[in-house]
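Read the structure below first, then the notes.
Quick note: the coordinates plus some simple rules give every number you see, no bench work behind them. Predicted model, so just to flag it, every value in this text is computed and none were measured. Reconstructed Cβ throughout: ideal geometry from the backbone, glycine too, with neighbour counts over all protein chains shown.
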Amino acid sequence: MNMRTICVGLSALLAAQFAMADPIPEENGFSGSIGLGVGGNRVKSNLFKGDKNQRTNSLNSAPESHNDSFALPVLSLSYTLAASRTQIVFDSQIHDPLGMDDTLELGVRQQVGNNGIVSAGLLYGGLSKNTWTDPYAVGVDRDGTKRKSTGVLLGWENIMGTGFKAQLTQRNIKIDDERSGQSVAGLSAADRATLNRNGDATLLKAGYEWAFAPNQTLTPGLAWGKDKLDGGAMSNKSYGLSLDYAYSSDLNTFTASLLYRQQRFDQANPLFSNKKGVFGLGG
């Protein structure tokens, strides 16, 4: 089948991501930055909602490549309680660089002596993330809808005084107007139900931050994910590799990433009679 989602891209964001861990300041008070992150990527997908692929003429034909540019708010605000080594944070981040899934976090970071910094936070996603109400509609202009998410985050930076770090997120995903498969004639209600994209998503990331030069880091990483969605043909497990570069100055932070991800879906897609294997590449 050709309904695979394959992302090949080059993107850059003026935003702090998983690539660089910030130490907790030594003084009380507010700190942070507000700005605008800009970038772009190249996407090849029948499911991805872009500006130039509102209509598809066949589910079985190879999808066309689309260049997509984006501008996302870059927000990083914090208040530090220096005596207790505690920091309250409110920031924006890219939860899924391949899907450009932006997320807001309200959380707390706590330094635990020389053992590192542990963190916990609440997540909200969906300020700019749109998707198709029915990605499988053919020969007509597809309608867009919001894809929102809420969840929690747990993290540990500088594990036991080393450059290792880990982050676990658990989110509930809600498509405002989910109509997957409704336009396909002859598809039963039971089969349409397997295409439902609402449900829960878990993502575990681990990496090692290497400060190879002043203000510069490289972070190779591993990722494991599980999407337990209402539709069995959408539920999947994923595995990934990443290499993140970060440069930080007094004015901004520049990050760039190389990404590889493989997904295996739990159930056969009723439109294609097989399980989907999805590979994602990005940068």
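How do Trp132, Trp156 rank when sorted from fewest to most other Cβ atoms within 10 Å of their own Cβ?
Ascending Cβ contact count within 10 Å gives the list Trp156, Trp132.
Less than 12 Å Cβ to Cβ from Trp156, Lys/Arg counted +1 and Asp/Glu -1: what total charge do the surrounding residues give?
+2
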